[in-house]
Amino acid sequence: MKKELTCIVCPLGCSLEIEIGEDIIVKGNKCEKGKNYAIEEITNPKRILTTTIKIKNGKYKVVPVKTTAPIPKEYIFPLLEKLSEIEISAPVPIGYKVLENIFQLSIDVITTRPMETKENTRKTKETKKST
Amino acid sequence: MQKEVDIVIIGGGPAGLSASISSAERGKSILILERNEELGGVLNQCIHPGFGLIYFKEELTGPEYAYRFIKEIEKYPNIEVWLETMVVDITNEKEITAINKDGIWKIKTKAIIFSTGCRERTRGNLQIPGTRPAGIYTAGTAQRLVNIEGYLPGEKILILGSGDIGLIMARRLKWEGAEVIGVIEKLPYPGGLTRNLVQCLEDYNIPLYLKHTVVEILGKDRVEGVYIAPVDDYGNPITDNKKFIECDTLLLSAGLIPENDLLENINIPLDPRTQGPYVDQYLSTLKEGIFSCGNSLLVNDLVDYVTLQGILAGKSAVRYINNEINIEKRSHIEIDGNLRLVVPQYLSYPILEDITFYFRVKEPQKSAILTLKDNDKRIKEWRFPVVKPAEMIVIKVKPEFLRYMENPKFSMEG
């Protein structure tokens, strides 16, 4: 069986031709990552999930998070559901672990920016003004 | 109030951040003027991954990419940052007028780097007829609402334009529980990067209607629906074949406009093809001491290129102040064939270092050949298996191929 895929590992977007027989043969890839992507995409497609979660007392009402590695596609909506129920409190640093070892995949969900508290934001502005 | 620094950088997004570091490490005093309440520009709302593959050789989200630079500039005591500060005017003598909570500032400087980014094309730019209800957003505004402010802009969403922000918002809104009806594109090919078409639309079976456009918006207080119609080969809608689509929200992802009003005020010539200023390989505009980088120079599809342009502009500004740029001759670069734009548009001689050229093509093309000529003499060729309007072409050329050309010209043929 033959299949065509567009590689999404990097912005180059190589057009891949895949022959699925006893082995999976990949053509059109410019790097090893492309071959691995094609094999993964055929056998076990995965995506990084990036979304936001609620944060109490933060500069903004939500903070962006991501999975530390791509997760199987079928886990995306269950994980979104789980994350919609979570609320953390500011301040948090970048890389703060929101969920650990999700679905026993050895993958975590972490914040992708620091979030200071509302009060702290105000204070920095006042200091700036007085200087 | 008065202020004096070596270099003023207007805009604290990815271009301005990297420009500040590359000029600060060469010992100059830098002032970044940023109108938002934090640094990082549009990266802060681009919470999706895909950033940094070229520059950092790893995949980061927008906020993570910005954070690396924001952390880095904290190391430099010679970089000063003014947030919530809006530049309202510049003069030919490089005096900047800026406004913030402290009042009106007059800032004197030796060099200015423009890293002001882009605005999005709005309904007004697109001239879509109909009523004026709530529920019409540019894709970037919707992105800010969802990813920073924490609001969902609507429940039943149609997206006009297949630019990257629109594609990314299609997936984002789907993830947040909205119904995404589809993406409408006037051109016969998609506007966004291939990986976004695959990951944002195909993954979620969101349809893409090519050669279609929105011809009318309906609704009194809130959008109630739109009419879409196919377009002919000249891009004119065939309204006899219009079709009603029920939706409560219309997102516009129909292109970006480099923000260069301040340059226009002092008559710095802009290239109608890029809508950014004409620059040479130093990213100097045609007025010396004023530099441009990032999306206000040309609309980039990867932030990594924006960073590299910022680094170059910062370095060039320092060289300019140190009197290290001595231009003997300047040639305008022509383009031909399938090429839509080139940056830089000028070569300043002598050429001492490799030059990175950025191109966009007019139409998708397979097995394309990019040729550099001087008059009609072929100098060098580059071959590409496929070129697409959405994907910038980036090449690096060594100085020996560019020495004292009379009429440099790049052309792309099949």
Exercise. Having 3 or more residues that are in contact with a strand residue (DSSP E or B) (Cβ under 7 Å, 6 or more places away or on another chain) and of a type outside the set (Val, Ile, Thr) is the bar; report the strands (runs of 3 or more DSSP E) wholly within region A:1-98 that clear it.
Key: A:2-6, A:15-20
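Grab the strands (runs of 3 or more DSSP E) fully contained in region B:212-264, keeping just those with 2 or more residues being surrounded by fewer than 22 Cβ atoms within 10 Å (Cβ to Cβ) and over 26 Å from the mean Cα position of the chain (by Cα).
Strands (runs of 3 or more DSSP E) meeting the threshold: B:212-218, B:225-230, B:243-246.
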Quiz item: Quick one: is B:Asn205 closer than 20 Å to B:Gln45 by Cα and modelled with pLDDT under 95?
Solution: no
Exercise. Please enumerate the residues belonging to region B:390-404 that are at negative phi and at pLDDT below 90.
Key: B:Ala390, B:Glu391, B:Arg403
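Which one of B:Ala19, B:Ala15 is among the aliphatic types (A, V, I, L, M), within 28 Å of A:Lys66 (Cα to Cα) and not in a loop (DSSP other than H, G, I, E, B)?
B:Ala15
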Practice problem: Mind listing whichever residues of region B:332-354 are touching a Gly at 6+ places or on another chain (Cβ under 9 Å) and either crowded, with 19+ Cβ neighbours inside 10 Å or β-branched (Val, Ile, Thr) (or both)? | Solution: B:Asn338, B:Val343
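One line per residue, one yes/no per condition, for (1) within 23 Å of B:Glu288 (Cα to Cα); (2) touching a Phe, Trp or Tyr at 6+ places or on another chain (Cβ under 8 Å):
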| site | (1), (2) |
| --- | --- |
| B:Glu324 | yes, no |
| B:Leu339 | no, yes |
| B:Pro344 | yes, yes |
| B:Phe359 | no, yes |
| B:Asp374 | no, no |
| B:Ile395 | no, yes |
Self-check item: In region B:328-338, the residues that are assigned to a loop (DSSP other than H, G, I, E, B) and more than 28 Å from the chain's Cα centre (by Cα)
Solution: B:Glu328
Quiz item: Taking B:Thr91, is it of a type in the set (S, T, N, Q), modelled with pLDDT of 95 or more, over 21 Å from the mean Cα position of the chain (by Cα) and surrounded by 17 or more Cβ atoms within 10 Å (Cβ to Cβ)?
Solution: no
Quiz prompt | Any chance B:Ser316 is part of a helix (DSSP H, G or I), farther than 16 Å from B:Thr116 by Cα and either in contact (Cβ under 8 Å) with a residue 24 or more places away in the chain or among the small types (Gly, Ala, Ser) (or both) | solution = yes
Self-check item: Residues that are facing chain B (nearest Cβ under 10 Å) and more than 17 Å from B:Glu391 (Cβ to Cβ), drawn from region A:1-32
Solution: A:Leu5
Quiz item: Taking region B:55-77 as the region of interest, how many residues are within 17 Å of the chain's Cα centre (by Cα) and either among the hydrophobic types (A, V, I, L, M, F, W, C) or not assigned by TED's automatic domain parsing to the domain that holds B:Gly310 (or both)?
Solution: 1
Quiz item: Regarding A:Ser84, is this residue at the interface with chain B (Cβ under 10 Å from one of its Cβ atoms), surrounded by fewer than 20 Cβ atoms within 10 Å (Cβ to Cβ), modelled with pLDDT under 90 and closer than 27 Å to B:Tyr204 by Cβ?
Solution: no
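Looking only at residues that are outside any loop (DSSP other than H, G, I, E, B) and over 16 Å from B:Gly310 (Cα atoms) in region B:26-50, which one is farthest from the other protein chains (Cβ to nearest Cβ)?
B:Gln45
Could you pull out the residue among B:Ile321, B:Ile290 that is over 18 Å from the mean Cα position of the chain (by Cα), under 16 Å from B:Ala15 (Cα atoms) and outside the structural domain of B:Glu406 (by TED's automatic domain parsing)?
Matching residue, one of B:Ile321, B:Ile290: B:Ile290.
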Quiz item: So A:Arg113 clears everything in (1) of a type in the set (Lys, Arg); (2) within 28 Å of B:Thr194 (Cα to Cα); (3) assigned to a strand (DSSP E or B); (4) facing chain B (nearest Cβ under 10 Å) except one condition, right? Which one?
Solution: (3)
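Which members of region B:1-19 meet the condition of being over 11 Å from B:Thr307 (Cα atoms) and either modelled with pLDDT of 95 or more or crowded, with 24+ Cβ neighbours inside 10 Å (or both)?
Of everything in region B:1-19, those that are over 11 Å from B:Thr307 (Cα atoms) and either modelled with pLDDT of 95 or more or crowded, with 24+ Cβ neighbours inside 10 Å (or both) turn out to be B:Gln2, B:Lys3, B:Glu4, B:Val5, B:Asp6, B:Ile7, B:Val8, B:Ile9, B:Ile10, B:Gly11, B:Gly12.
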Quiz item: Checking B:Tyr189 against (1) more than 22 Å from B:Ile128 (Cα to Cα); (2) under 28 Å from the mean Cα position of the chain (by Cα); (3) within 14 Å of chain A (Cβ to nearest Cβ), which single condition isn't satisfied?
Solution: (1)
Practice problem: Could you tell me which residue of region B:195-211 is farthest from A:Tyr75 (Cα to Cα), considering only residues that are among the aliphatic types (A, V, I, L, M) and in a loop (DSSP other than H, G, I, E, B)? | Solution: B:Leu210
Exercise. Please work out if B:Glu93 is out of contact with any helix residue (DSSP H, G or I) (no Cβ under 8 Å at 6 or more places or on another chain), among the charged types (D, E, K, R) and over 12 Å from B:Leu31 (Cα atoms).
Key: yes
Practice problem: Go through the residues of region B:253-263 one by one and say whether even a single one is acidic (Asp, Glu), assigned by TED's automatic domain parsing to the domain that holds B:Ile113, more than 23 Å from B:Leu197 (Cα to Cα) and touching a residue at least 24 places away in the same chain (Cβ under 8 Å). | Solution: yes
Practice problem: Consider only pairs whose beta carbons are under 6 Å apart and that are at least six residues apart or on different chains; among these, list those whose first residue lies in region B:1-21 and is in the same structural domain as B:Leu83 (by TED's automatic domain parsing) and whose second residue is among the hydroxyl-bearing types (Ser, Thr, Tyr) and outside any loop (DSSP other than H, G, I, E, B). | Solution: B:Val5/B:Thr109; B:Ile7/B:Ser23; B:Val8/B:Thr109; B:Ile9/B:Ser20; B:Pro14/B:Thr307; B:Ser18/B:Thr307
Practice problem: Filter region A:87-110 down to the residues that are away from chain B (no Cβ under 14 Å) and over 17 Å from the mean Cα position of the chain (by Cα), then identify the one that is surrounded by the fewest Cβ atoms within 10 Å (Cβ to Cβ). | Solution: A:Ser89
Exercise. Just need a number here: residues in region B:51-94 that are of a type in the set (Asp, Glu), in contact (Cβ under 8 Å) with a residue 60 or more places away in the chain and within 12 Å of chain A (Cβ to nearest Cβ).
Key: 1
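The values are calculated or read from the model by the stated rules, or taken from the named source; none is laboratory data. Not measured: the values here are computed from a predicted model. Glycine gets a Cβ as well: all are built from the backbone with ideal geometry, and neighbour counts include every protein chain shown.
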